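I have placed the structure first, in the form of structure tokens, so that the comments after it can refer back to it.
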Amino acid sequence: KAGVTQTPRYLIKTRGQQVTLSCSPISGHRSVSWYQQTPGQGLQFLFEYFSETQRNKGNFPGRFSGRQFSNSRSEMNVSTLELGDSALYLCASSSGENTEAFFGQGTRLTVV
Amino acid sequence: KQEVTQIPAALSVPEGENLVLNCSFTDSAIYNLQWFRQDPGKGLTSLLLIQSSQREQTSGRLNASLDKSSGRSTLYIAASQPGDSATYLCAVRPIPSGNTGKLIFGQGTTLQVKP
């Protein structure tokens, strides 16, 4: 079956712009989580959605937001981009509580 | 606050060696622990998931153990191959976060297997 799909794979944006990233989970998975990966901070949790509801949020500013649709696809949005937002953004899906997490290939965001 | 540490940060071995990667966590209140592999610029590939009630899991040449009471997990790779070269990450799912998808990651061990 198809894995987790993230689009686009690469993005270049200018400071101050906003960006929307998309994640399609594995079919049947209702939990989608987002992570930011940078060389200095490693992998950090952004937020998690389950059945269109945000269940948990990491320590990121309000410029980072997300949503989940009824088909479990999720989007995350970053507004007023800063240079420090340059990172690999990873999405993970799982079927339910305490089950294995599967990650997508990520979206590489570069802010110039 | 749960913290996950992986030692060593980098490891270089000749092909064919058996090796062990270490992962430690500060709070034993976890639902499970998962090992991942990441190739440069790519996403994470799940290798093994160990539930808190389990002691070990095996998949092919990989064996992961979990000692929840001491806050430790090891990933054993048998007969290493150049294709095993990657960064290996461990992550725990803490109980206080409830039934959520939050994983807390270590910084990873970058493995190089030389032919």
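Looking only at region B:53-71, which residues are buried (at least 16 other Cβ atoms within 10 Å of the Cβ) and either in contact (Cβ under 8 Å) with a residue 40 or more places away in the chain or touching a Gly at 6+ places or on another chain (Cβ under 6 Å) (or both)?
Filtering region B:53-71 for residues buried (at least 16 other Cβ atoms within 10 Å of the Cβ) gives B:57, B:62-66, B:68, B:71.
Passing the criteria: B:K68, B:G71.
Residue check, A:E52 against (1) surrounded by fewer than 16 Cβ atoms within 10 Å (Cβ to Cβ); (2) at negative phi; (3) in contact with a Ser or Thr (Cβ under 9 Å, 6 or more places away or on another chain); (4) among the charged types (D, E, K, R), all met but one. Which one?
All conditions pass for A:E52, except number (2).
Somewhere in region A:86-102, is a residue more than 11 Å from chain B (Cβ to nearest Cβ), touching a strand residue (DSSP E or B) at 6+ places or on another chain (Cβ under 8 Å) and modelled with pLDDT of 95 or more? Give the derivation first.
Restricting attention to region A:86-102, the residues satisfying the condition of being more than 11 Å from chain B (Cβ to nearest Cβ) are A:86-87.
Within this subset, residues satisfying the condition of being touching a strand residue (DSSP E or B) at 6+ places or on another chain (Cβ under 8 Å) are A:86-87.
Checking which are modelled with pLDDT of 95 or more leaves us with A:86-87.
Yes, the conditions are met somewhere in region A:86-102.
Return the residues of region B:26-40 that are exposed (fewer than 14 other Cβ atoms within 10 Å of the Cβ) and of a type in the set (D, E, K, R); say none if nothing qualifies.
Once the filter is applied, which keeps residues that are exposed (fewer than 14 other Cβ atoms within 10 Å of the Cβ) and of a type in the set (D, E, K, R), region B:26-40 yields only B:D39.
Please find, within region A:54-73, the residue that is nearest to the chain's Cα centre (by Cα) out of those that are more than 11 Å from chain B (Cβ to nearest Cβ) and not in a loop (DSSP other than H, G, I, E, B).
Step by step, filter region A:54-73, then rank; the result is A:G66.
Out of B:S70, B:S53, B:S12, B:S46, report the one residue that is under 12 Å from the mean Cα position of the chain (by Cα) and not hydrophobic (A, V, I, L, M, F, W, C).
On the way: B:S70 fails: under 12 Å from the mean Cα position of the chain (by Cα); B:S53 fails: under 12 Å from the mean Cα position of the chain (by Cα); B:S12 fails: under 12 Å from the mean Cα position of the chain (by Cα).
Every option except B:S46 fails the conditions.
If you take the residues in region B:73-104 that are assigned to a strand (DSSP E or B) and out of contact with any Phe, Trp or Tyr (no Cβ under 8 Å at 6 or more places or on another chain), which one is surrounded by the most Cβ atoms within 10 Å (Cβ to Cβ)? Quick ask: steps written out before the conclusion?
Residues of region B:73-104 assigned to a strand (DSSP E or B): B:73-77, B:86-94, B:104.
The next check asks that each one be out of contact with any Phe, Trp or Tyr (no Cβ under 8 Å at 6 or more places or on another chain); those that pass are B:74, B:76-77, B:86-87.
Values: B:T74: 17, B:Y76: 15, B:I77: 22, B:A86: 19, B:T87: 19.
So the residue we want is B:I77.
Looking at region B:40-57, can you tell me whether even one residue there is away from chain A (no Cβ under 14 Å) and either at pLDDT 95 or above or over 28 Å from A:T107 (Cα atoms) (or both)? Walk me through how you get there before you give the answer.
Step one: filter region B:40-57 for residues away from chain A (no Cβ under 14 Å), giving B:55-56.
After this cut, where a residue has to be either at pLDDT 95 or above or over 28 Å from A:T107 (Cα atoms) (or both) as well, the list is B:55-56.
The answer is yes, given that some residue of region B:40-57 is away from chain A (no Cβ under 14 Å) and either at pLDDT 95 or above or over 28 Å from A:T107 (Cα atoms) (or both).
Going through A:S24, A:S31 one at a time, which residue ends up being among the hydroxyl-bearing types (S, T, Y), in contact with a Cys (Cβ under 9 Å, 6 or more places away or on another chain) and in contact (Cβ under 8 Å) with a residue 12 or more places away in the chain?
Result: A:S24 is the single residue among A:S24, A:S31 that is among the hydroxyl-bearing types (S, T, Y), in contact with a Cys (Cβ under 9 Å, 6 or more places away or on another chain) and in contact (Cβ under 8 Å) with a residue 12 or more places away in the chain.
Does A:Q105 qualify as being part of a loop (DSSP other than H, G, I, E, B) and among the polar types (S, T, N, Q)?
Numbers: part of a loop (DSSP other than H, G, I, E, B): yes; among the polar types (S, T, N, Q): yes.
Considered against the rule, which asks whether it is part of a loop (DSSP other than H, G, I, E, B) and among the polar types (S, T, N, Q), A:Q105 comes out as yes.
Is it fair to say B:G43 is surrounded by 14 or more Cβ atoms within 10 Å (Cβ to Cβ) and either out of contact with any Ser or Thr (no Cβ under 6 Å at 6 or more places or on another chain) or not hydroxyl-bearing (S, T, Y) (or both)?
Working: surrounded by 14 or more Cβ atoms within 10 Å (Cβ to Cβ): yes; either out of contact with any Ser or Thr (no Cβ under 6 Å at 6 or more places or on another chain) or not hydroxyl-bearing (S, T, Y) (or both): yes.
When the stated conditions are applied, B:G43 passes them.
Which condition from (1) β-branched (V, I, T); (2) in contact (Cβ under 8 Å) with a residue 40 or more places away in the chain; (3) buried (at least 19 other Cβ atoms within 10 Å of the Cβ); (4) within 26 Å of A:E48 (Cα to Cα) is the one that B:I50 breaks?
Evaluating B:I50 over (1) β-branched (V, I, T); (2) in contact (Cβ under 8 Å) with a residue 40 or more places away in the chain; (3) buried (at least 19 other Cβ atoms within 10 Å of the Cβ); (4) within 26 Å of A:E48 (Cα to Cα) leaves (2) as the failure.
Quick one: which of A:G62, A:G58 is among the small types (G, A, S), modelled with pLDDT of 95 or more and surrounded by fewer than 17 Cβ atoms within 10 Å (Cβ to Cβ)? Break it down into steps so the answer makes sense when it comes.
Details: A:G58 fails: modelled with pLDDT of 95 or more.
Of A:G62, A:G58, the one residue that is among the small types (G, A, S), modelled with pLDDT of 95 or more and surrounded by fewer than 17 Cβ atoms within 10 Å (Cβ to Cβ) is A:G62.
The values are calculated or read from the model by the stated rules, or taken from the named source; none is laboratory data. This is a predicted model, so every value here is computed, not measured. Please note: Cβ atoms are built from the backbone with ideal geometry, for glycine as well, and neighbour counts cover all protein chains shown.
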